[in-house]
Structures are given as structure tokens and as C-alpha cells.
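In what follows, a single structure is set out as C-alpha cells and then discussed.
The values are calculated or read from the model by the stated rules, or taken from the named source; none is laboratory data. In this text, all values refer to a predicted model and were calculated from it rather than measured experimentally. With ideal geometry, Cβ positions are generated from the backbone for all residues, glycine too; neighbour counts draw on all protein chains shown.
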Amino acid sequence: MTGPTLNVRSLCINYGPSAHPLRAVRDVSFQIAPGEAYGLIGESGSGKSTIAFTIMRYLRGGHADGQVWLAGQDVMRLPEAALTQVRGRVAAMVYQDPMSALNPSMRVGEQVAEAVRLHRGADRAAAAARAVELFERVHLPTPSDIAQRYAHQLSGGQQQRVVIAMALACDPKLLIMDEPTTGLDVTTEAVILELVRELRRETGVSVLFISHNMGVIAQVCDRVGVLYAGQLVEEGRTVEVLHAPRHPYTIGLMRAMPQPGGAAHRLASIPGRLPDLQDPPPGCVFAARCEIATDLCGDVMPALLPASGREASHGSRCHYRDEAEALLPPPPLIAHGKASLGAGAPLLEAVGLEKRFGRRSWLRRAAPVRAVHDVTLEIPPGQTLAVVGESGSGKSTLARCVAGLIVPDEGYVRLEETRLAAQVGRRSRLQQRDVQFIFQNPDGALNPHWTVKQLLSRPVQLYTDLRGDAVRRRVVDLLEMVNLGERYLGRFPREMSGGEKQRIGIARAFAGNPRLVICDEPTSALDISVQASILNELIALQARHGTAYLFVSHDLGVVRHVAHRVAIMRHGRIVEAGDPAEVFERPHDPYTRALIDAIPTLVPPPAVAEARVTQIVR
Amino acid sequence: MASVASLPRARRRPRLRAADVPFIAFVLAVAGLIAFGAAVSPHDAVALDPLHALQPPSLAFPFGTDEFGRDVFSRVLSGARPTLLLALAAAAMGVMLGAVTGLVSGYLSGATDEVTMRAMDALMSFPGLVLAMLVVVMLGPGPINIIGAIALVFWPRSARLVRSMVVDLARREFVDAARSRGESPHFIIFRELLPNVLALVIVDFSLRVTAAILLAASLAYLGVGVAPPTPAWGLMVKDGQPLIEIAPWLVLFPCAAIACVSIGAVLVGERLRRVFALPGAEAGR
């Protein structure tokens, strides 16, 4: 068979009433050749997961028009009985969260064996043997031992490999991977990406790879499509699209992405938000947020056409595809000058912090885990110290010890001359005001039953002498400080986007003019374009107020962008610290090196090119 | 420190809609029944009239009469007050005690939580009826004691319910945010956490009203509750039970009254839950 493995033709997906539907996906067409890996890039709400589910015809209340040809069969027109033949055998899915894709009360070996029995009618022994074989295929260590374990006994990376093994159970022609590495650490992510490359090379399976991370896409995909508000706005070979984008949205995404290497420039954020998909604009979907949009863009929807002088396969849905890059203003250089280090006394010092969890008791035998192990650090006034580490490194525990939310077993925190009480409740009101916290998850950090006005008035009342109307004025000032307006006063958290909620979290932290703000992964729950604007916001606020940051993150690109000093943490200890440029370019510790090497960059690994060649030859 | 009361209270609730009319009508009807039930009943609810004993429903006696010739319709009307006031008060008291216990215990956790919840377990280890009976027997009958006894039965059950939700909520970052801001436990419990469990407490209350009617009836059945001849609905069911084969209306109508109030209470509770549920949820839809 020589036709494409997957051929999606003018796919439209609507939700809600047919009179006034939410148009989640509009007129999307793409093909995946046998053995090819195709990436779909998009931010939340772009419709990328909806497309993935529709390929398997899991519509969940939606209505789809168009054609989806999977290995020569139109999935949209297959009877329900034939669909079960397609699912798993022709196309198999790998989901974002392996923990919820696995049954917690079933041994992982049995789960994979069950898939084999179901689709191939193999007997128990053969199915179990096949499961172990598959585990070996995905390089799980001691496969027959792992097969006997339950999902919670495996690490995140191992769980994801089990899910991949399950997807491979029936030798599918197409693997659909929906953000398969999003919840994983960079080093684990690198290993999974390598596995995907290897599987392609050795089994010739086609891959539809969905991600919001352009680095990850560059590592595995031959071709890529950029989705925005349910439309494919740009498509072409990965190298072409990511290195010479021809659509303002793609260009914006690339400029919004903080990178660990290269010159520090101010991240370009994309202002505005997604258009209302119940009432999409008649012209270009991106026009409202586009810096170079003209009247033409508002009225006429551009077609997905190649730019002149580019390969015919590289299309962009922009009227100005030829000159988009030149028309867009260049990214401004970074504003914050790196102040000299060690000037004056540190604002905050943490001395010999130690925190153990799971103390020995008559109920618990396990030895305590040292989450933070003898950590000493200092932050000069007005500067950012970034603490970097993977999950379980103890970085969040460290941040919470400094904030007084967790009481350390040993050590103490000093703010200038005074030693702070271990518990935040025991600190003076002034000390509480001086050290503020910005949380990772903007959804959880705001009380869902409070309006923005309540959320921001409270710290103003606690930390200042303002009363009555002055409080309201201060709250409006705070809102304007984070680029939100007075109209947000009456809103509840539910009525705001993730980025807006995080801005409220920032405004709340700055309500009392703090000296130190602890940022615990403040952008890891946000889209790239939103992340850029939040980071810019934090840098601007620091420049204006001289606030010091303790910035906790797993993302080296983000850290490179904001930090004056960086500390790498592993197993509760700081393994390396110093100037970010120094640490990233000449890491001394092998772990730091591994961490930096694992970051998916936009330069594709040679293996992708090779695999492509072998596919073509075959 | 700023006073708690000075926080602006801005809560956008869904506006009154046509769909709310039946709920409001129901609440008004129940309130009217409690207030004027006895006054509008056509016959005396307690006077004996042996000449009209055990009459089936007719125009004169729409719900029939009992073995003493008392009009069942009048008894149902005038029974609303003793039945419902007692049930509402007992349910409110039990749910309130439970909510406060659950909030405090769930938020403080540790030793406080352990001690409180084991005490609640101890209370729960008594069958509800036995516990209520013990209290009434010890303190003596009388509406206040019966209310207290029923509330005591509900207390641990509501406390558990609220605590389980609070334990979950207390892990959320907005509680950490409040702590790092320097808020007192009192503020966190009553201003941060309470609004989040309010919807649950209201649904709990609406279910407890029915349970309270039945528990009061059981107490009466065992002879420790409301004393005859008070026309409480539960008591009427109990009194009519021996005659159920020859005069089913004696049980049917008070049961129907209990069922109506119960179903209504649950529906109103469900509606209120939506009103108190996450603000912005409805507007966003």
C-alpha cells in the first residue's frame, strides 16, 4: 500500500447546539505518510487534542464533518463494529498522563496482556509473554519483574513506557501521542523522545505527535502543523517551519520561547486571547492579536499557501506570508542590566536548612526522606536567585521553608539582620509583608469564592494603613500594574484565563511592596505566549520596585531568562551554583551537564534525518 | 489588623428566573403551613368525635377520620408546625455543629483532628435512634430536648462529610497563600474555607430535614418523643399503623405529607447548591 497512513480532509468539529456551535476545529487537512512523524503544535484551546480523539472517532458530544482516512478506510463512515478493529490495531493512542491511563489495581503486565488478548485472541501465556517482549521493546529494565508491578510502583517515565508498550501491542500503523512528555522531567523526556525515534526507525510506525513544546516537536517530527483557534495556520517541514516561520503566530511563538543558550532578549509575548470560537472572525483567526494585520486580514480569510521562494510543502495562512518576518518589529533586547554580585549585605540568607519527611514511628518503618539537605543560600537585594531541579529535588520544599509554610528540622532564615521565625504565623506583620509567595497553579492559588476585589483588598488592608476608598484605589493601581484594568474588580477566578489569574497572584504578592517574592514555578502551568508576558511582567516589576526573587523552576530556559544567579538542586542538595551564563556554558557537575543536554532544542538530532532517509529508501 | 467585617462582599448570584418560581412557591407554602396550618384547619385536630370514627375520605372529611373521629385533614394541617419546626431546628443545629467541627478538625489536622474525629466515631457507634432515645430519656421529653437529641445524632455524620471536603481544600494553594499572608486560623476557616463548603452544607441540611422528621416519628413511636394527642405527622403514621388494613388513609396522608416536604426539601437544596456553587460557573457557560 502506498497511500498515506493518515489522511485528514477538511475536518470540522463543532460542539454544542447546531444553530450556534462552538467551532473547535475548522477545515483542517493534513496527511501522514507511512513511517513519517507529524507534529501538531498548539496552545491550549487550539483543538489539537480534539483532532487526535476524532481520528479514533472518540467524539464526546461533538459533531464532525470531513473525512479521516486511516490506512485506506474512512473512519467517519465505518460502522461501530469495524471501529474496534481500527482502534488499537491501525491507530493507537498514548496519552499525556500515564498514571490515569493505567488501571491502578491491575498489574501493568496484565494490562498489556489484556490488550493483546482482546485484539489478537492470544491465550493467556502467549499474551503474557508478548507483554514482557513489549516491555523489552520499550527498554524497561528487568521487563518480567516490571510486568508484576502496579502503576504506582513505577516512575513517571516507566509508566509512560508501559503506555507506549500497550499502544504497540498490536503493531499499529499509526501512533497518536498526545503530549506524551508534558508531565515528565527533562532528562526523562529526552529518554522517551529517543525511544520514539528508535521505534520509528525500527518498526516504521507513523507518528502523530501533539505538543505545545516546539523543542520536543523538533526532536521527533519530520513535518509540523501549527494550530491556532482550530485552524492550521502553518504547515511544512519541521526545519523550515521552526527556523523560517512564515506566519505571525508561529513567529510570535518562537520569539516567546525562552532558550537556555544564546543572547538574552526580552521575550516577545503575544497580547490578547483566543477569539470566541462560537463566533469566529470572518477573516484571519489571528488578526485580532497580530501586529501586522490590515483591513484585508479582518475581512478575508487567507488560504494555506506556500510562500514564494519556499518549498511548495511549506504553507502559511497569512496574506503577508512573504514579508511577515520582516514586517514584525524585532524582539527588543533585554532591559535588565545584570548588577554586580556581592555588592552589600544579602537581603535574605538561608542557613543550613534541613527538612526530612516521614519520621520513624511505630506505624512507619521507612527511613525518612531528606527533602532538603543542608542548604545554605543568600539573595542580594533586588536580584533573582533561581533554584533549578527536577521533580523530587526538594526545590519546592526549600521555597516553602523560606516562606515559613513548612517548618524546617534544622537551620534558619535571616532577613537582613533579623532571624525569621520558622512558622510564618509567628513572624511579625512587617516580616510577613516583606516575604511574599507566587504559586505554581493559578487555579488553586486563588479562592474560587472571592472576587478579584476581595482577593486584592485583603493584603492591602493587612499590610497598609489604607482604608475605605483608598483600598479600592490601591487595588485598581495593582491591577493596572499587572496590565489588567478596573473591569476585573468584580470577576471571580473562574471568569479569567490562566494568565489573568496568575497576574492576580502577582498583584496580590506585590500589594504590600515586598522585599522578597518567592516564585514557585510561576509559569509552568501556562502557555508559552502567556509565560513570556508573565516573565516580562516579573522582570519589569523587579526593575521598578527593587524586589528580590527566589525563583524556583524546572525550566532552564526560563531560568536563564530571569536569573542573576542560579543554583542547581538534586536530592535535596545544591550541587552547583553561580552565574547562569557560567553554569550553563561550563557546567562542572555531571548532573548539571546532563540536565542541560536533555533540553530539547530546535536543532533536530541527526537520527531524525537518517530515519527519514531510510523510510524513503524503503 | 483589619477587621474581618470590612472585607467587601461582592457576590454575583444568578438572577431570579422563571425556573425558580416553583421552589419559592414551595418554600412559601411550607412556611404558610407552619404559620397558619392550625388556624385554617376545618375541624378541631384533637377533639374526639366517636360518631364519625374511621370514615373514609369524603367531602366533609377530605382525608377521612381516625378511630376517635378526628379529621385527618385537620390533623395534617395542624401537625405541620410541631413536625416541621422541630425537624428544621434539629437539622439546622446538627448540620451547623457538624460543619464547624468538620471545618476546624479538617483544617487544624494533627492531634486536634484525631481526638475530635475519634469522639465523633464514638458518637456514631451508637445507632441513631438509641442515642436519641438515651438523651431524651436522660433529659426528659420536651421539644428542646428532642431537637438536641436529633442534632446530636446528625452532628458526627455532618462533621465527617464536611471534614472530608475540608481536608481536600486545605491542601489547595489558596490556603497556603492565606497562611503566608499571615492570616489567623479563624480567618482561614471561616472566610477562606467556609464559602467553599457552603454548597455541601446546604445539601446536607436539606437531606437531614427528612431524616429528622422520621427520627422524631420513631422517637414518638417508642413513646419518648412528642406526646399524643399532638398531631405530629410521624406520630399519626405510628398511630394509624395497626388499622392500616381497614383505614389506609390514616397512614397514607401523613406519609404523603412527609414525602412532599422531603422531596421538596431535596429539590430546594439542589437549587440552592447551584446558587452557592462556584461563582462564575454559570456565567461562563
Q.
Given the criteria closer than 30 Å to residue A:491 by Cα, crowded, with 20+ Cβ neighbours inside 10 Å and in contact with a strand residue (DSSP E or B) (Cβ under 7 Å, 6 or more places away or on another chain), does residue A:413 qualify?
A. no
Q: Could you tell me which numbered condition residue B:209 fails, if it satisfies all but one of (1) touching a Pro at 6+ places or on another chain (Cβ under 9 Å); (2) away from every other protein chain (no Cβ under 13 Å)?
A: (1)
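Can you tell me which residue among B:96, B:138, B:133 is under 14 Å from the mean Cα position of the chain (by Cα) and away from chain A (no Cβ under 14 Å)?
Matching residue, one of B:96, B:138, B:133: B:96.
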Q: Name the residue, out of A:503, A:467, that is crowded, with 22+ Cβ neighbours inside 10 Å, assigned by TED's automatic domain parsing to the domain that holds residue A:543 and more than 28 Å from residue A:418 (Cα to Cα).
A: A:503
Q) Can you tell which of B:114, B:183 is crowded, with 19+ Cβ neighbours inside 10 Å, over 30 Å from residue B:232 (Cβ atoms) and of a type in the set (D, E, K, R)? A) B:183
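State whether the residues of the stretch B:145-152 include one that is buried (at least 21 other Cβ atoms within 10 Å of the Cβ), free of Cβ contacts under 8 Å to residues at least 40 places away in the same chain and more than 24 Å from residue B:200 (Cβ to Cβ).
No; the residues of the stretch B:145-152 include none that is buried (at least 21 other Cβ atoms within 10 Å of the Cβ), free of Cβ contacts under 8 Å to residues at least 40 places away in the same chain and more than 24 Å from residue B:200 (Cβ to Cβ).
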Q. Scanning for something part of a helix (DSSP H, G or I) and under 18 Å from residue B:217 (Cα atoms), does the stretch B:53-75 turn up at least one residue?
A. yes
(Q) Can you find, within the stretch A:490-527, the residue that is nearest to the other protein chains (Cβ to nearest Cβ) among those that are closer than 21 Å to residue A:42 by Cα and part of a loop (DSSP other than H, G, I, E, B)? (A) A:496
Q.
Condition first: modelled with pLDDT of 85 or more, not in a helix (DSSP H, G or I) and not acidic (Asp, Glu). Now tell me which residues in the stretch B:207-261 satisfy that.
A. B:244, B:246, B:247, B:248
**Q.** Check on residue A:546, modelled with pLDDT of 90 or more and either over 23 Å from residue B:176 (Cβ atoms) or in the same structural domain as residue A:182 (by TED's automatic domain parsing) (or both)
**A.** yes
Q. Among (1) buried (at least 19 other Cβ atoms within 10 Å of the Cβ); (2) away from every other protein chain (no Cβ under 14 Å); (3) not in a helix (DSSP H, G or I), where does residue B:126 come up short?
A. (1)
(Q) Exactly one condition in (1) assigned to a strand (DSSP E or B); (2) within 14 Å of chain B (Cβ to nearest Cβ) is false for residue A:574; which is it? (A) (2)
(Q) Every residue in the stretch A:391-439 that is of a type in the set (Ser, Thr, Tyr) and touching a residue at least 40 places away in the same chain (Cβ under 8 Å), please. (A) A:391, A:393, A:396, A:397, A:412
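Residue by residue, here is whether (1) in contact with a Ser or Thr (Cβ under 9 Å, 6 or more places away or on another chain); (2) in contact (Cβ under 8 Å) with a residue 60 or more places away in the chain; (3) farther than 26 Å from residue A:206 by Cα; (4) among the hydroxyl-bearing types (Ser, Thr, Tyr) holds:
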site: A:73; (1), (2), (3), (4): no, no, no, no
site: A:78; (1), (2), (3), (4): no, no, no, no
site: A:88; (1), (2), (3), (4): no, yes, no, no
site: A:91; (1), (2), (3), (4): yes, yes, no, no
site: A:96; (1), (2), (3), (4): yes, yes, no, no
site: A:111; (1), (2), (3), (4): no, no, no, no
site: A:130; (1), (2), (3), (4): no, no, no, no
Q.
Within the stretch A:300-341, take every residue that is modelled with pLDDT of 85 or more and out of contact with any strand residue (DSSP E or B) (no Cβ under 9 Å at 6 or more places or on another chain) and give me the one that is farthest from residue A:226 (Cα to Cα).
A. A:300
**Q.** Scope the stretch A:388-397; condition crowded, with 21+ Cβ neighbours inside 10 Å and either modelled with pLDDT of 95 or more or among the charged types (D, E, K, R) (or both); matching residues
**A.** A:395
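Check B:197, B:167, B:224, B:175 and return the single one that is under 30 Å from residue B:109 (Cβ atoms), of a type in the set (A, V, I, L, M) and more than 14 Å from chain A (Cβ to nearest Cβ).
On the way: B:197 fails: more than 14 Å from chain A (Cβ to nearest Cβ); B:224 fails: under 30 Å from residue B:109 (Cβ atoms); B:175 fails: more than 14 Å from chain A (Cβ to nearest Cβ).
Only one candidate qualifies: B:167.
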(Q) Every residue in the stretch A:439-462 that is within 24 Å of residue A:382 (Cβ to Cβ), more than 7 Å from every other protein chain (Cβ to nearest Cβ) and modelled with pLDDT under 95, please. (A) A:440
Q.
Quick check on the stretch A:511-533: of everything there that is of a type in the set (A, V, I, L, M) and at pLDDT 90 or above, which residue is surrounded by the most Cβ atoms within 10 Å (Cβ to Cβ)?
A. A:518
